[in-house]
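Participant: Below: one structure in structure tokens.
The values are calculated or read from the model by the stated rules, or taken from the named source; none is laboratory data. All values derive from a computational prediction rather than experimental measurement. Backbone-built Cβ (ideal geometry, glycine too); neighbour counts: all protein chains shown.
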Amino acid sequence: MSYRHGVSISEVPTSILPPVEVSAGLPVFIGRAPINLTGSSEYVNKPLLAYSYDEAVKALGYTSDFENYELCEAIKVMFQLFAVSPIVFINVLDPAVHKKTETNKTVNITAGEVILAQQGVLLDSLAVRKTSAGQPLQKNIDYAAAFNDGGQVLISVLDGGAIDASQTTLVVSYNYIDPAMVTEEDIIGGVSATTGKLTGMELINQIFPLFRLVPGQILSPGWSQSPMIAAIMKAKVQNINGLFKAITICDLDSSAEGAELYTEAPAWKENNNYTDKMQINCWPLVKLGNETYHLSTQLAGVICRADADNNDIPYVSPSNHSLQVNGAINKAGEEISLGPDQAAYLNGQGIVTALNFIGGWKAWGNRTGVFPGASDPKDSWIPVRRMFNWIGNELILTYWQKVDSPINKRLIQTVVDSFNIRLNGLTARGALLGGRVEFQSAENPITDLMNGKVRFHVYQTPPTPAEDLEFTLEFDTTYLESLFSE
């Protein structure tokens, strides 16, 4: 030790670790986007983290054709109808793969303009000629081309160019994206054997390394009614990055091949194995004005809004919270109006639905897909399951810094004391009825401690939803005595 003369200081690690907060319900949407409208392929099989509507539209494009572009539905619901953020989008539509070609199509010039009826045109592939045998005209010299508000290409004749006033037609050739070419395999994705590039749902594992945010909800509206897609989704959410857990929100098929009637939905759910504890099942579709939405997308918005209203702690059920809809329909567009008894029947089968009874249209249902096959409260209640996921993810993020530390009393006491403080704080807020962390000798045999394994036992009791309020009415004859009072 060097010679000292004066005052010196030193520091020791804080014995109480503040928790690393986890975004409880971060939604991840996998689907198709009108990427041609952006003029870029940057966000093809690449996760996009967006905090605003403008940011999402700039990167992915936007159209009201929700049937073919599910990510546009998610953009509308999350940013405009529920005003929540951030959102992660994974677009699997690839202009280099999912495209077709139109060659030498004759179009009419009207008032110096041509509007191409075809949606999805790749603007950089557009070639304009005066005749099919002619040379291509020059963009921004002979003509200008841009997308209009409807997503169609508008070709404008420029003064002084090669297109004279006598020209009544033009010949155009172009490539255009075809969303119908996207398959379930594109949504599921995989890993390229040659490049190692991830696609589709495999990109879920890149979200935390890229953004340092843990996914809370995984959705694929328009695809999750496929049992194959739903099976992959529920497998992915149980082991994100080999560590984290999330929930998946799926739609049950409301078409003629699925469950057009509410009485058919439970059997379809069971027969197609939508029965996982990490899975929330929705039926039917919903609408707002002329636009149709998947109930899963709306429920994700409800969950995010409920979390935001409760300090980003997922202990409040989304049930009995307002949807942004004015009707419910099946795939054929037939109106569906359930009464409380019919909605309760679906809830009792582990299905969340839409109910218009008191206070407008509400999400209605508290149970995960595992119910009624299993009734363990940590698995069958939506908010309880989400709290277990959330607290588990927070434990991983908070104590990762302690991995490889010496196993001694300081380590044990730091973990136990700091997370007990956290659990006490959650209890004071009402997010837990109670909780504690213990280091138990029975769970930590000497041989395991010698082998570097340390086990902590976390007890927690999130509140279950008050799903059934019962009042007993009785005629009390003693109050008749009031007739004789002075």
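Results for (1) aliphatic (A, V, I, L, M); (2) exposed (fewer than 14 other Cβ atoms within 10 Å of the Cβ); (3) in a loop (DSSP other than H, G, I, E, B); (4) without any contact (Cβ under 8 Å) to a residue 12 or more places away in the chain, shown as yes or no for each residue.
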position	(1), (2), (3), (4)
Thr353	no, no, no, no
Ser375	no, yes, yes, yes
Asp379	no, no, no, no
Arg385	no, no, no, no
Ser405	no, no, yes, yes
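Participant: Follow-up question, since we're still on this one. Being more than 13 Å from the chain's Cα centre (by Cα), surrounded by 24 or more Cβ atoms within 10 Å (Cβ to Cβ) and not in a loop (DSSP other than H, G, I, E, B) is the filter here; which residues of the stretch 213-231 pass it?
Facilitator: Hit for the stretch 213-231 is Ala230, nothing else.
Participant: Sticking with this structure for a sec: Taking only the stretch 106-123 into account, find how many residues are exposed (fewer than 13 other Cβ atoms within 10 Å of the Cβ) and over 19 Å from Asp149 (Cβ atoms).
Facilitator: 2
Participant: Among the residues that make up the stretch 432-442, is at least one of them touching a Pro at 6+ places or on another chain (Cβ under 7 Å), surrounded by 12 or more Cβ atoms within 10 Å (Cβ to Cβ) and part of a loop (DSSP other than H, G, I, E, B)?
Facilitator: Yes, the stretch 432-442 contains a residue that is touching a Pro at 6+ places or on another chain (Cβ under 7 Å), surrounded by 12 or more Cβ atoms within 10 Å (Cβ to Cβ) and part of a loop (DSSP other than H, G, I, E, B).
Participant: Taking Gly452, is it under 28 Å from His321 (Cα atoms) and either modelled with pLDDT of 95 or more or exposed (fewer than 15 other Cβ atoms within 10 Å of the Cβ) (or both)?
Facilitator: Values: under 28 Å from His321 (Cα atoms): no; either modelled with pLDDT of 95 or more or exposed (fewer than 15 other Cβ atoms within 10 Å of the Cβ) (or both): yes.
No.
Participant: Okay, next question. With Leu60, Leu137 as the choices, which residue is outside the structural domain of Asp312 (by TED's automatic domain parsing) and crowded, with 18+ Cβ neighbours inside 10 Å?
Facilitator: Sole residue among the options that is outside the structural domain of Asp312 (by TED's automatic domain parsing) and crowded, with 18+ Cβ neighbours inside 10 Å: Leu137.
Participant: Tell me, which residue of the stretch 63-105 that is touching a Gly at 6+ places or on another chain (Cβ under 6 Å) and closer than 13 Å to Thr38 by Cβ is surrounded by the fewest Cβ atoms within 10 Å (Cβ to Cβ)?
Facilitator: For the stretch 63-105, the residue satisfying everything is Thr63.
Participant: Here is a follow-up. Out of (1) outside any helix (DSSP H, G or I); (2) closer than 26 Å to Asp65 by Cβ; (3) out of contact with any strand residue (DSSP E or B) (no Cβ under 6 Å at 6 or more places or on another chain), the odd one out for Cys304 is which?
Facilitator: (1)
Participant: Identify all residues within the stretch 261-282 that are of a type outside the set (S, T, N, Q) and surrounded by fewer than 19 Cβ atoms within 10 Å (Cβ to Cβ); write none if there are none. Steps first, answer last, please.
Facilitator: Let us first name the residues in the stretch 261-282 that are of a type outside the set (S, T, N, Q), namely 261-262, 264-270, 274, 276-278, 280, 282.
Matches in the stretch 261-282: Leu261, Glu264, Ala267, Glu270.
Participant: Which one of Tyr274, Tyr262, Tyr345 is farther than 23 Å from Gly392 by Cα, within 23 Å of the chain's Cα centre (by Cα), assigned by TED's automatic domain parsing to the domain that holds Leu71 and not polar (S, T, N, Q)?
Facilitator: None of the others qualify; the one that does is Tyr274.
Participant: Continuing with the same structure: Consider the stretch 174-212. How many of its residues are part of a strand (DSSP E or B) and either touching a His at 6+ places or on another chain (Cβ under 8 Å) or farther than 17 Å from Asn45 by Cβ (or both)?
Facilitator: Result for the stretch 174-212: 4.
Participant: While we're here: Please find, within the stretch 24-44, the residue that is modelled with the lowest pLDDT out of those that are part of a loop (DSSP other than H, G, I, E, B) and surrounded by 18 or more Cβ atoms within 10 Å (Cβ to Cβ).
Facilitator: Restricting to residues being part of a loop (DSSP other than H, G, I, E, B) and surrounded by 18 or more Cβ atoms within 10 Å (Cβ to Cβ), the top hit is Ala24.
Participant: Which pairs have Cβ atoms under 8 Å, sit 6 or more apart or on different chains, and link a residue in the stretch 280-291 that is without any contact (Cβ under 8 Å) to a residue 60 or more places away in the chain and under 20 Å from Ile218 (Cβ atoms) to one that is polar (S, T, N, Q) and buried (at least 24 other Cβ atoms within 10 Å of the Cβ)?
Facilitator: Leu285/Ser254
Participant: Which one of these does Ala165 not meet: (1) surrounded by 16 or more Cβ atoms within 10 Å (Cβ to Cβ); (2) among the hydrophobic types (A, V, I, L, M, F, W, C); (3) modelled with pLDDT under 95?
Facilitator: (1)
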